[in-house]
Amino acid sequence: MNGTRIGLWLAVVGGLALYPAIRLQEGVSTTLPEYVFLYAALLAVGFGIAIWGLSVLRTLTAEWTT
């Protein structure tokens with residue numbers, strides 16, 4: 001798997017995990033595992049977008065320089 005696919009998969013899976021993570025936050029009291037779930041989903045989205053973006057940037061710069 002190349003960087004573009006890994007980044008997109010991380011962003012999609014993290015994005016799908018955001019909905020239940022946010023819904024769990026709506027309770028009366030929020031526990032530590034719920035916060036960990038939310039932050040893990042946010043990190044997955046962030047790293048996915050970063051890896052995908054760097055992969056696309058690397059591809060574009062390689063095409064521009066050749």
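The values are calculated or read from the model by the stated rules, or taken from the named source; none is laboratory data. Note that the coordinates shown come from a computational prediction; the quantities given were computed from them, not determined experimentally. Glycine also receives a Cβ, built like all others from the backbone with ideal geometry; neighbour counts cover every protein chain displayed. In case anyone asks, the SASA skips ligands and DNA or RNA and just uses the protein heavy atoms, side chains included. Shrake-Rupley method; radii C 1.70, N 1.55, O 1.52, S 1.80 Å.
For the stretch 1-45, how many residues meet the condition of being free of Cβ contacts under 8 Å to residues at least 12 places away in the same chain and over 26 Å from Arg58 (Cβ atoms)?
Matching residues across the stretch 1-45 total 14.
With the requirement that a residue be open to solvent by 80 Å² or more (accessible area, probe 1.4 Å) and part of a helix (DSSP H, G or I), what does the stretch 1-11 give you?
Selection gives Arg5, Leu8, Trp9.
I need the full set of residues from the stretch 12-66 which are farther than 26 Å from Asn2 by Cα, touching a helix residue (DSSP H, G or I) at 6+ places or on another chain (Cβ under 8 Å), of a type in the set (A, V, I, L, M) and open to solvent by 60 Å² or more (accessible area, probe 1.4 Å), in order please.
Ile22, Leu24
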